[in-house]
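Here the structure comes first, spelled out in structure tokens, and everything after it is commentary.
The values are calculated or read from the model by the stated rules, or taken from the named source; none is laboratory data. Just so it is clear, the structure is predicted and the values come from calculations on it, not from any experiment. Using ideal geometry, Cβ is built from the backbone for each residue, glycine included, and neighbour counts are taken over all protein chains shown.
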Amino acid sequence: MAEGGESGRRFPDARRDVETWEHVPDTAQTRSPTYRLAFDDPDFLMRDELRPVRLQLELLKTEMTLSERGIVSTIVMFGGARIPPPELADDARTPMLRELCRYYEEARDFARRATAVALEGGNRENVICTGGGPGVMEAGNRGVEEAGGVSISLNIVLPHEQVPNLYGTPELSFNFHYFAIRKMHFLMRAKAIAVFPGGFGTLDELFEVLTLVQTRRMAPLPILLFGRAFWERIVNWQALSEAGTIAEEDLGLFRYVETGAEAWEAIEAWYGEPEATVRTG
């Protein structure tokens, strides 16, 4: 037996100390908040001064879980929470949303295609990663489940809309308090970004990726915008170039696609390998 016990530990396990603390005599001293172990004290951990610790915890929890699962690369899907599946198109709040519901099916199909490749690598490469909520995010997780794979869901606490959909892999469903850490995890393993029509959140995610690639803070990767008509109506890219606020070559950082099949072909072409063997370097 190792000197520190079966596990080789020289000091008590933190969990064991919490269990021991819970059985100490009930006295004025042990009831005091100051007596509670710091790492087991929610009131202490929620203090403003502990924000740096909470940021680190959010970074580590997801990173450690994905590393332990051996997940090497992801295909990230961004898109609107309000885009309904076709069977609920009549409930859409605007006529344009009813038209956009076709991208729910394209997102679902795209996720199935990526998962077919991910399965060949043991769900380590090309793993679909979504925001875990409704709309396009649900479509992505749903397509993965239908293909028999696993998907990553990066939820965030919001007052509305961001409730986990029922298709994400439970043990790879995470919840965040900090937008910044959540966005880091979207991109840390990304080998392609698929962006579907959406609102402020989708635009924020898209422009962060474009900025990181444009400024060379992130290696170039396929950035695929589903729905040329939508994006050209929402963003006047050419006006930015003509104004000189971006360079003409920056317009080549992304490309338009219309279908899941076209998007996957673009990823294949980028990496220059057959579909079955698309891998990160």
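Pairs under 7 Å by beta carbon, first residue more than 14 Å from Gly227 (Cα to Cα) in the range 98-118, partner among the charged types (D, E, K, R), six or more apart or different chains?
Every condition considered, the pairs that remain are Arg108/Arg142; Arg112/Glu146; Val117/Glu275; Ala118/Glu125.
Kindly provide the set of residues from the range 222-233 that are in contact with a helix residue (DSSP H, G or I) (Cβ under 8 Å, 6 or more places away or on another chain) and either surrounded by fewer than 16 Cβ atoms within 10 Å (Cβ to Cβ) or more than 19 Å from Ala192 (Cβ to Cβ) (or both), ordered by number.
Phe230
Mind checking whether some residue in the range 28-49 is β-branched (Val, Ile, Thr), exposed (fewer than 13 other Cβ atoms within 10 Å of the Cβ) and under 30 Å from Thr259 (Cβ atoms)? Lay out the reasoning, then the answer.
Of the residues in the range 28-49, the ones β-branched (Val, Ile, Thr) are 30, 34.
In the following step, the residues that additionally are exposed (fewer than 13 other Cβ atoms within 10 Å of the Cβ) were identified as 30, 34.
Then drop every residue that is not under 30 Å from Thr259 (Cβ atoms), which leaves none.
No, the range 28-49 contains no residue that is β-branched (Val, Ile, Thr), exposed (fewer than 13 other Cβ atoms within 10 Å of the Cβ) and under 30 Å from Thr259 (Cβ atoms).
Of everything in the range 176-220 that's of a type in the set (S, T, N, Q) and more than 17 Å from the chain's Cα centre (by Cα), which residue is nearest to Asn141 (Cα to Cα)?
We begin by selecting, within the range 176-220, every residue of a type in the set (S, T, N, Q); these are 202, 211, 214-215.
Checking the rest, the ones that are also more than 17 Å from the chain's Cα centre (by Cα) come to 211, 214-215.
Details: Thr211: 27, Gln214: 29, Thr215: 31 Å.
In this case the residue turns out to be Thr211.
Kindly indicate which of Thr202, Thr259 is in the same structural domain as Glu99 (by TED's automatic domain parsing), touching a Gly at 6+ places or on another chain (Cβ under 8 Å), polar (S, T, N, Q) and under 18 Å from Tyr104 (Cβ atoms). Working first, answer last.
On the way: Thr259 fails: touching a Gly at 6+ places or on another chain (Cβ under 8 Å).
Being in the same structural domain as Glu99 (by TED's automatic domain parsing), touching a Gly at 6+ places or on another chain (Cβ under 8 Å), polar (S, T, N, Q) and under 18 Å from Tyr104 (Cβ atoms) holds for just one of Thr202, Thr259, which is Thr202.
Out of the residues in the range 235-261 meeting the condition of being within 27 Å of the chain's Cα centre (by Cα) and small (Gly, Ala, Ser), tell me which one is nearest to Ala194 (Cα to Cα).
Filtering the range 235-261 for residues that are within 27 Å of the chain's Cα centre (by Cα) and small (Gly, Ala, Ser), the one nearest to Ala194 (Cα to Cα) comes out as Gly260.
Matching residues to (1) touching a Leu at 6+ places or on another chain (Cβ under 8 Å); (2) over 30 Å from Lys191 (Cα atoms); (3) assigned by TED's automatic domain parsing to the domain that holds Phe200; (4) not hydrophobic (A, V, I, L, M, F, W, C):
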| position | (1), (2), (3), (4) |
| --- | --- |
| Trp21 | yes, yes, no, no |
| Pro33 | no, yes, no, yes |
| Phe44 | yes, yes, no, no |
| Thr62 | yes, no, no, yes |
| Asp91 | no, yes, yes, yes |
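Is the range 171-178 home to any residue that is in contact with a His (Cβ under 7 Å, 6 or more places away or on another chain) and among the hydrophobic types (A, V, I, L, M, F, W, C)? If you could, list the steps in order and put the result at the bottom.
Taking the range 171-178 first, the residues in contact with a His (Cβ under 7 Å, 6 or more places away or on another chain) are none.
The answer is no; no qualifying residue exists.
For the range 62-165, give me every one of the helices (runs of 4 or more DSSP H) that falls completely inside it and has 1 or more residues that are at pLDDT below 95 and farther than 28 Å from Glu268 by Cα. First the steps, then the outcome.
Details: elements: 95-100, 102-120, 136-147.
The helices (runs of 4 or more DSSP H) meeting that bar are 95-100.
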